[in-house]
Amino acid sequence: QESRPAAVPGVGRPRGAARSLLAACAACLHPSVAPMKRSTVVVLLLAAAGAGAIVWRSLQPAPPTRIVVAKAERVPLLRSVVSATGEIRAKEFVDIQAEVAGVIVDLRVREGDEVREGDVLLKIDDLQLQTEVDSARAQVGASEADARSAEVGVATAEANLAAEKTALANARVEAAQSKTSMDRAMASYKRKEELHQQGLIGAEEFEIAEAEARLAEQRLEFSNARIRQAEANIRAAETRVDAAQALRDAAGRRLDAQRAALARAEDLAGRTVIKAPLSGLITALNVEKGERAVPGIQSNPIATLMTIADMSVIEAEIEVDEADIVAVALGAEATVEVDALRDVTLSGTVTEIGQSPIQTTDQQEGKEFKVVVRLTDPPASLRPGFTATAEIVTAIRQDSLVVPLQALTAREVEVDARGGYVPPPEPVDGDTVIAADTSLSRKERRELEGVFLLVDGRARFRPIETGITGEMDIEVLGGLEGGEEVVIGPFQALRKLAEWDRIAIDEERQADIARLGRATGSR
């Protein structure tokens, strides 16, 4: 009788190559087979058993993907923060640099000293500058003498002009008198001319009257000539007055120039004494007595003699990435940790946000913006230059539904006319997942953010609407109700996970995550 293979649970009747192989094995065991072929039969039986095992395994469903899950739950407080690094600095600080070159002959402070505004910090040798001051002062004296002389010249020229005007007035009076005398002489001449023609007077008397008339006319012409000369003298005197005034003005400008040179020399000499421009702490001292001070240009660090910082207001100047700067607002709360002060957290407020990227010399791809956080109660041990890390609060939510950040993923899925997710059909035989239809139009597919849920041993994709991002969680505004188990890892498994995939919790990893959560105090 033909032997039949036993049924394998979960597999069903063997078909094809497996059925033929089992039939051949049964034929080999028939009593008609010669005894000398029994060894060959044993080998064939072993081969058949191995092949059967392979076939049996191939017909078994794939084992479920091992995953770890976490519950979507509500938290009383969710904060979204932006983290960045920078350094501590005083709100007001000054790099002290020399404005004149010279040897430091007196240094009155040391690093760490407290100074008040107006205190003398150091003195530079001023011998050459004082010599220039004396020279400029002597030139001012000479220019003042020249200016006084020019004033005298103007006064003399004006006096001469006045004299010429007086002479002109006298000439005009004489001309008027000469005109009157001439008129009388001419009238007398005309009368005597008539009398002479009538024979009433002699020729001698007529000739005398004629001579007097001509003489009066000549005196009038002389007086008019004196008037013209006086007027010319006045014009010349006025020109001399203008010239004297010009000399006086030039002397005055030379005096002003010499006085400006004296003021400059005195100012430079005064800059050999450097005073504190503000009250604060000497945070850096780069020179010693006897060294040569070099004038600084554009905050050249080599020329910086010392730095004074007003430590009453301390700030953290941090560099925020361009992707995060849009979320930072003035007045936002922040916490600052300083590497030099372990286990100390400082609070502060954002007081300044840069409007343009920080200029750097290297060609970096990303851009960063300056953000200033003013510390509320800085400790006395804080020093400028300390490395600091700030976390700026950008949003706060109360009683928010959240899922772990690692649960969030994205998939390109089929959507309906309203943009809603259309899941693929459930597997027919319960073992094989039907592949997604890639022939759908691109207009009918869209990339959606969501999470995978563990539902009856299957992975179910659920699109969600997200809100703010916390330190380890992300807010869920829609798509979940709370209490669902969402897949959070492992990353490789979550990256390849698809709708209807068979999944199961990895108990060992899940226990490790639970222990870690208890140790850190998180959920």
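The values are calculated or read from the model by the stated rules, or taken from the named source; none is laboratory data. Owing to the predicted nature of the structure, the values given are computational and were not obtained by experimental measurement. Every residue, glycine among them, receives a Cβ derived from its backbone with ideal geometry; neighbour counts consider all protein chains shown. What goes into the accessible areas is simple: the full protein's heavy atoms, side chains included, and nothing from ligands, DNA or RNA. Shrake-Rupley method; radii C 1.70, N 1.55, O 1.52, S 1.80 Å.
Figures for the structure shown
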{"read-out": "Which numbered condition H196 fails, given (1) in contact with a helix residue (DSSP H, G or I) (Cβ under 7 Å, 6 or more places away or on another chain); (2) in contact (Cβ under 8 Å) with a residue 12 or more places away in the chain; (3) not small (G, A, S)", "value": "(2)"}
{"read-out": "Pairs with Cβ under 6 Å, 6+ apart, first in the stretch 209-221 and over 20 Å from V173 (Cα atoms) and open to solvent by 90 Å² or more (accessible area, probe 1.4 Å), second of a type in the set (G, A, S) and part of a helix (DSSP H, G or I)", "value": "E212/A185"}
{"read-out": "Among residues of the stretch 131-154, those that are loosely packed, with under 13 Cβ neighbours inside 10 Å and closer than 13 Å to A243 by Cα, counted", "value": "1"}
{"read-out": "Any hit, the stretch 116-126, residues being in contact with a Pro (Cβ under 8 Å, 6 or more places away or on another chain) and exposed (fewer than 13 other Cβ atoms within 10 Å of the Cβ)", "value": "yes"}
{"read-out": "V173 vs. criteria closer than 30 Å to A246 by Cβ and β-branched (V, I, T)", "value": "no"}
{"read-out": "Conditions (1) modelled with pLDDT of 90 or more; (2) open to solvent by 20 Å² or more (accessible area, probe 1.4 Å): number failed by V486", "value": "(2)"}
{"read-out": "Top-ranked residue in the stretch 237-248 [being free of Cβ contacts under 8 Å to residues at least 60 places away in the same chain and of a type outside the set (V, I, T); ranked as most open to solvent (accessible area, probe 1.4 Å)]", "value": "D242"}
{"read-out": "Hits in the stretch 255-299 - residues which are in a loop (DSSP other than H, G, I, E, B), β-branched (V, I, T) and over 29 Å from the mean Cα position of the chain (by Cα)", "value": "T272, V287, V294"}
{"read-out": "Restricting the stretch 308-335 to residues that are assigned to a strand (DSSP E or B), over 16 Å from A388 (Cβ atoms) and of a type outside the set (D, E), the residue that is modelled with the highest pLDDT", "value": "I308"}
{"read-out": "Matching residues, the stretch 321-340, being open to solvent by 30 Å² or more (accessible area, probe 1.4 Å) and either among the hydroxyl-bearing types (S, T, Y) or over 16 Å from V81 (Cβ atoms) (or both)", "value": "E322, L330, T335, D339, A340"}
{"read-out": "One residue from N286, N233 being open to solvent by 80 Å² or more (accessible area, probe 1.4 Å) and either at negative phi or in contact (Cβ under 8 Å) with a residue 24 or more places away in the chain (or both)", "value": "N286"}
{"read-out": "Test for I302: is it surrounded by 13 or more Cβ atoms within 10 Å (Cβ to Cβ) and either over 28 Å from Q355 (Cβ atoms) or β-branched (V, I, T) (or both)", "value": "no"}
{"read-out": "Residue within the stretch 184-203 that is assigned to a helix (DSSP H, G or I), more than 22 Å from V140 (Cβ to Cβ), at pLDDT below 90 and of a type in the set (D, E) present", "value": "yes"}
{"read-out": "In the stretch 447-483, the residues that are free of Cβ contacts under 8 Å to residues at least 12 places away in the same chain and surrounded by 19 or more Cβ atoms within 10 Å (Cβ to Cβ)", "value": "none"}
{"read-out": "Any hit, the stretch 244-253, residues being farther than 30 Å from Q139 by Cα and either of a type in the set (D, E, K, R) or modelled with pLDDT of 90 or more (or both)", "value": "no"}
{"read-out": "Residue count, the stretch 376-404 (criterion: over 23 Å from V451 (Cβ atoms), open to solvent by less than 40 Å² (accessible area, probe 1.4 Å) and among the small types (G, A, S))", "value": "2"}
{"read-out": "Answer residue from the stretch 93-115, given it is over 20 Å from R271 (Cβ atoms) and at pLDDT 90 or above and is least open to solvent (accessible area, probe 1.4 Å) among those", "value": "D113"}
{"read-out": "Check on R79, of a type in the set (D, E, K, R), open to solvent by less than 80 Å² (accessible area, probe 1.4 Å), touching a strand residue (DSSP E or B) at 6+ places or on another chain (Cβ under 7 Å) and within 30 Å of V328 (Cα to Cα)", "value": "no"}
{"read-out": "Count - residues of the stretch 406-420 that are of a type in the set (A, V, I, L, M, F, W, C) and open to solvent by 60 Å² or more (accessible area, probe 1.4 Å)", "value": "1"}
